[in-house]
Every structure is written in C-alpha cells, then in structure tokens.
Amino acid sequence: MRNLNLVPLLAFSLLISACGGGGSGGSSNTPTPTISSAPALSSSSSVATSSSSSSSSSSSSSSSSSSSAVATSSSSSSLAVSSTSSATSGQIITADMTSGWRGNGTGNTGITYSNGGVSFTASAADVGAVFDVAKPTQLENAVVTMVVNVSSEFKASGADLQIFAQVKNTWAGEWNCWSSNSEVTAGKDTTLNCTIDEADDRFNQSANDVQIGIQAKGSPTGVVTIKSVKITQAATASNSSSSSSTPAYSANVAHLKDLATFPIGIAVSNTDSPSYNILTNTKEQTLAEKHFNQMTAGNIMKVSYMHPSQDTFYFKDADAFVDYAKTKNIKIHAHTLVWHSDYQVPTFMKNWSGTATDFLTMLDTHVNTLVDHFKASNNIASWDVVNEALTDGNPSTFRTDSAFYIKSGNSAVYIERAFKAARLADANVDLFYNDYNIEQNGAKMTKLVDMLTDFQARSIPITGVGFQMHITMDYPSASTISAAMKKVVDKGLKVKISELDIAVNNPYSSGWPGNKVTVFTNDIAMNQKKRYCEVVKAYMDTVPANLRAGITVWGSIDKNSWLNTKDYLTWPLLFDDNYNDKPALRGFADALSGTACTNL
C-alpha cells in the first residue's frame, strides 16, 4: 500500500503505500508516491513502503460502486463515432462531444454541453462524466486520449483526475490511470492518456457495452471540462508489430516453493482490486498455486477492512481468501493488526473520545477478535501485529502522529499491548513487527533493536521482524542488508522478508530523471536477475535455518505492482505483464539452489 502525494525530501527514501499494497499491497490503484524522511545515506535509496496496494488505496472499489450506481439509473447512451481508420491497423474512434454523455458518481449534478466540450462540477471524489462504447467493440489495450481543461478552483483544491473504463452490467473496470493535480494547469488544455489493460483481457468481450469516463479524486471543487476524447484500439495480432514468433522467456523453474525449506510467499489482491482478485482471476491462481506456498492479502486483512466501526467486524472477504488458500495447501501470513496509515485507521479509532485506558481495552478486543476468528481456520502461519511504528529520522523515534500513539495517551504502549493480546488469542501463531527501510541498517534499525531488547527483557511475546524490502537495483548493498538482518538474528528472533520487490527506476537518485529507464531491455532484466539472487543469497547466508520465516514477493506481475504510476515504471517483480517468467525468477531460484549469482 496505500492517498499519495509528493513532498520535498532531504534524504532519498521513497514511501508508497504498498502495505497496501497489493499491495499489497497493495494495490496498483495508487496515485503518485508519498515520501518519508530518512537518513541521507546515499544518492540512491531503498524504496520504502507503508506496507500492500496491489498496492494500496481502495480507490477501485469505491469508484466502482459510485459509477455503477449512477450508470444503472441513467438512460442508455452510445458513443457517436465521427472518424475511424482501418480496424485491422488500430481503429481510431473519436467521441461525439455534443451528445451521449452523463454525470457519474454520487452527488453529481450532471454535465453541461458547450462549445468548449463537456463540463461537470467536481463536487466530491468519484464525481465525473462518462459515455458508452457500444458492444462488441474490442477495447483491451486501447489507448484513451482525453484533452481536459480545469478551472482555477479545481487546480487550487489539489484534486487529481482518473480516467477509467467499466464493462457495463458486470462493472468490472480499469482504474490504474491516475493523473495528479500537478499535471494540469488552470485554464490550459492538458492531454491525458490511459491504456485499458486488464490481466484477463476482459475488455475484449461482446456481451456488454463499456462506459468510459474521467472522475475527480481527493477533495475536489471547481469545474472540469473535457475538450475531446480519442480511443485508439490495439492493432489486431495479424497486423501488430508487437506480435512475434519469439518464445517467451523461461526461467526453467518448475515450482519456486520446492527449492526452499521455508515459506515462499506472494502478496495478492482480492475485492480491493477486482481485476486481479485471486478468487476470480485464473491466471493469478495458476501463478500462485504453481510457485508459492504462502500468501498475504494486500489490503483486505488490514484494520479498516476488518473492523470498520467499533461494534462491527467484517470477515466475509477475508474468510473466502483464507478458505481458498487452505484448499490449495497455501498458508496465510496475515497483514496487519495495527497500522497508523490514516486511510487505514477506522474513523471511530481516529475520533476516539474516551480515555487512553478505554482505547487500549478496545485495542485488546480488536486484536483478540481478529486473531481468534482466523485461528479457527488452522491456516494462519503468522501475523504482522504492528506495522511501521517507527519514524525515519535520525534518531528514529516512535511515531507520535499515529492515532494509536495519541489515543493510547501519547504512548507507544499500544505496541506491546497488541502483541500481548495476539498471543493470548493464539498461543502458536508467529507474531511479527513489520517495517520499511530497516534493511538500510541505519537509525531506524538502531531504534528497532532497542525496542526488541526492551521487549525481550520484559517478556513481550514477539516472534520476529518483517523486512519490507522495497529496494532498488543498487541500494542498499547486499552486505548492508545482511548486517541489518544479523542484528535481528543476534536477538534469536525470526527474520522474514515480507514485501520484496526490486524497482528498476529510482526517481530519488542524483541522476533522475536523466537516468530514467523507459524500456525494459534484456541487459536490465539480467541485472535484475543478479540483484534478486544477491538479496535472497544474503538472506540465506545470514539467517540460520531455524530463524528463516520466509520470503514474500509483493505482487504477481509487473503491471499490477503498487509501485507503477504514470511516470514511474519499475518492472519490479518476477513475472511480466503476460504472466511469463522473467530472469528475476531464475535469479531467485539460483540463490535458493546455491547457484552463483550472475547477470548471464
């Protein structure tokens, strides 16, 4: 995970809501990354995350519900095509800007036609304008190009825009096209693009019309005018220059999980990202079942999903996920019982008006209820009990801006209370503290070691530490990662790489954007193979077998990574956009097998 805005940074540490995200992840529906201060250790940095994704914000599910609610109650309209070219070479469809549009989203006051185009008042998040493309138009991999113009009020509100597409009646959609407020200028035409790209090619269907539109995100005010819309369909396979007889790369790995004696995990999406839902997407299922024996939900087992109001717990989606995994003999690493991130803290916790004692009693109930409920499945291997409770400063401290810290009487006592409650609920499950940037072996790791020492002295029941490990191709070094892990090993605690991905681009290096990678070449792929191998090897060399809690990759395929934004391409995972092996998978396998790490 997890909403995200760029802020100035003294040190180069990227904080995006992966724990989310799915993404962990969290998920791919997140907008521009948030930055968190961290020690200035290098011109490159670890990609830090606030734990899923996929990941990750929940914009897809909230948008989908508001969109479908309006669409089903509105009159039918179809796209008017004013110009086209040959379908086999990539048909170009131009939308009629004088008819066929309607308002979208709860509270929408409708749209206005004028010589300038189609306008709507952005009165709330998910308010926008849509039109229909009549079936059976094939829209998978089509590029939507919109020219928009926003009012000064909209620009000043800081709101973002999101182009989207939905298959009508099913309301499945493409939500990854986020355009930040920084991309638009008040009173000036701006061109925005979105590629309709779903893992299961759901937009190549003939049963339903598709609605395409744009909506405001954040806290918008003001007017958005859509000046023009062009849809460029993908060329057919017989005429596409991208088609090739070259076979897909094979890592020659039958089952990655069979190469390790510890869990090999993957973060997956569920109802938080319908396109990649592990319960419905057969490609996700095939990949997960082939290579992994542990799974983490990018979002749906987080605080706000599980405990939305004080007297309400919601288990339906998570139960279905845990049950599915159990049928496939896949264990669950559950994520997470306590996390400070604002969008993942339920309103009733943030607005708690009772005493600190009452808040901690409520927290005991929260943790006990969740752990006890899932214990019954006999399929939970471990929990991230507390996630990201430490700051990135030097020295590092407990997060004093966390709702959990504030409502506990401006105290970090909530951390130990959560671990105690979890252990009382389940005597056998592994209990982890999970955080990012600790692999840098800096001030944050120093603070963490102090906390672990204190916990052990007072018999606070902690099993191990999760290293999120959202890192880049050149930072931190394998030796630095090893040294950080060694500090946890020396405490006799388990070590888990809980959210591994390795980003190709690092926008916080000294050469950015001049060194930005725009094409994932074979050389880059092979260097990533070596980097994955070196990281996994560092884990194998440093952590003794009895303390290896496993390695979880944070996502399935590159385009579903919580790291990918419009201007920040990362290719961070083991599989490409078509679920094919990447050399990174071979590198991971080499380390598990004791094979030398190379870029060959």
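Numbers for the structure displayed
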{"read-out": "Pick from the range 436-475, criterion among the small types (Gly, Ala, Ser) and in contact with a Leu (Cβ under 7 Å, 6 or more places away or on another chain), ranking: nearest to Arg399 (Cα to Cα)", "value": "Gly442"}
{"read-out": "Residues within the range 147-156 that are open to solvent by 40 Å² or more (accessible area, probe 1.4 Å) and either within 23 Å of Ala234 (Cβ to Cβ) or touching a strand residue (DSSP E or B) at 6+ places or on another chain (Cβ under 9 Å) (or both), tallied", "value": "1"}
{"read-out": "Residues located in the range 333-347, provided they are assigned to a strand (DSSP E or B) and either among the aliphatic types (A, V, I, L, M) or open to solvent by 10 Å² or more (accessible area, probe 1.4 Å) (or both)", "value": "Ala334, Leu337, Val338"}
{"read-out": "Hits in the range 380-407 (condition: within 21 Å of Thr347 (Cα to Cα) and either open to solvent by less than 10 Å² (accessible area, probe 1.4 Å) or of a type in the set (Phe, Trp, Tyr) (or both))", "value": "Val385, Val386, Asn387, Glu388, Ala389, Ser402, Phe404, Tyr405"}
{"read-out": "Filter result for the condition that a residue is at pLDDT 95 or above and farther than 21 Å from Val535 by Cα, over Phe455, Phe432, Phe467", "value": "Phe455"}
{"read-out": "Flag if Glu284 is open to solvent by 50 Å² or more (accessible area, probe 1.4 Å) and acidic (Asp, Glu)", "value": "no"}
{"read-out": "Tally, over the range 484-503, of residues that are β-branched (Val, Ile, Thr), over 18 Å from Glu388 (Cβ atoms) and buried (at least 22 other Cβ atoms within 10 Å of the Cβ)", "value": "1"}
{"read-out": "Qualifying positions in the range 293-317 - surrounded by 17 or more Cβ atoms within 10 Å (Cβ to Cβ) and more than 17 Å from the chain's Cα centre (by Cα)", "value": "Asn293, Gln294, Met306, His307, Asp317"}
{"read-out": "Where a residue in the range 250-267 is open to solvent by 20 Å² or more (accessible area, probe 1.4 Å) and its partner, wherever it lies, is in a loop (DSSP other than H, G, I, E, B), with Cβ under 7 Å and at least six apart", "value": "Lys257/Phe292; Lys257/Asn293; Pro263/Asn293"}
{"read-out": "Segments classed as strands (runs of 3 or more DSSP E), wholly inside the range 79-131, with at least 2 members that are among the polar types (S, T, N, Q) and modelled with pLDDT of 95 or more", "value": "117-121"}
{"read-out": "Search result, residues across the range 205-218 that are open to solvent by 40 Å² or more (accessible area, probe 1.4 Å) and either in contact with a strand residue (DSSP E or B) (Cβ under 7 Å, 6 or more places away or on another chain) or modelled with pLDDT of 85 or more (or both)", "value": "Gly218"}
{"read-out": "Among (1) within 26 Å of the chain's Cα centre (by Cα); (2) open to solvent by 10 Å² or more (accessible area, probe 1.4 Å), the one test that Asp364 misses", "value": "(1)"}
{"read-out": "Selection within the range 165-178 - out of contact with any Ser or Thr (no Cβ under 8 Å at 6 or more places or on another chain) and open to solvent by less than 20 Å² (accessible area, probe 1.4 Å)", "value": "Ala165, Val167"}
{"read-out": "The range 424-436 residues that are surrounded by fewer than 24 Cβ atoms within 10 Å (Cβ to Cβ), paired with ones that are part of a loop (DSSP other than H, G, I, E, B) and of a type in the set (Val, Ile, Thr) (beta carbon under 6 Å, 6 or more apart)", "value": "Asp430/Thr463; Leu431/Ile462; Leu431/Thr463"}
{"read-out": "Residues of the range 526-580 that turn out to be assigned to a strand (DSSP E or B), touching a Phe, Trp or Tyr at 6+ places or on another chain (Cβ under 9 Å) and more than 22 Å from Leu279 (Cα to Cα), as a count", "value": "5"}
{"read-out": "Close pairs (8 angstrom Cβ cut-off, 6 or more residues apart or separate chains): hydroxyl-bearing (Ser, Thr, Tyr) in the range 557-578, not in a loop (DSSP other than H, G, I, E, B) anywhere", "value": "Ser561/Asp501; Thr565/Trp178; Thr570/Asp501; Thr570/Ala503; Thr570/Asp558"}
{"read-out": "Qualifying residue in the range 136-146 (condition: of a type outside the set (Gly, Ala, Ser), open to solvent by 10 Å² or more (accessible area, probe 1.4 Å), modelled with pLDDT of 90 or more and under 13 Å from Val224 (Cα atoms))", "value": "no"}
{"read-out": "Any hit, the range 574-595, residues being surrounded by 20 or more Cβ atoms within 10 Å (Cβ to Cβ), under 23 Å from Asp384 (Cβ atoms), in contact with a strand residue (DSSP E or B) (Cβ under 7 Å, 6 or more places away or on another chain) and at pLDDT 95 or above", "value": "yes"}
{"read-out": "Near pairs, Cβ below 6 angstrom, 6+ apart or cross-chain, from the range 396-416 (on the phi < 0 side of the Ramachandran plot) to any residue that is assigned to a helix (DSSP H, G or I) and surrounded by fewer than 19 Cβ atoms within 10 Å (Cβ to Cβ)", "value": "Ala403/Lys350; Ser408/Ala356"}
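The values are calculated or read from the model by the stated rules, or taken from the named source; none is laboratory data. Remember, predicted model here, so these are calculated numbers, not experimental data. Counting neighbours? That spans all protein chains shown, and the Cβs are built from the backbone with ideal geometry, glycine included. Ligands, DNA and RNA are stripped out before the accessible areas are found, and what is left, the full protein with its side chains, is counted by its heavy atoms. Shrake-Rupley method; radii C 1.70, N 1.55, O 1.52, S 1.80 Å.
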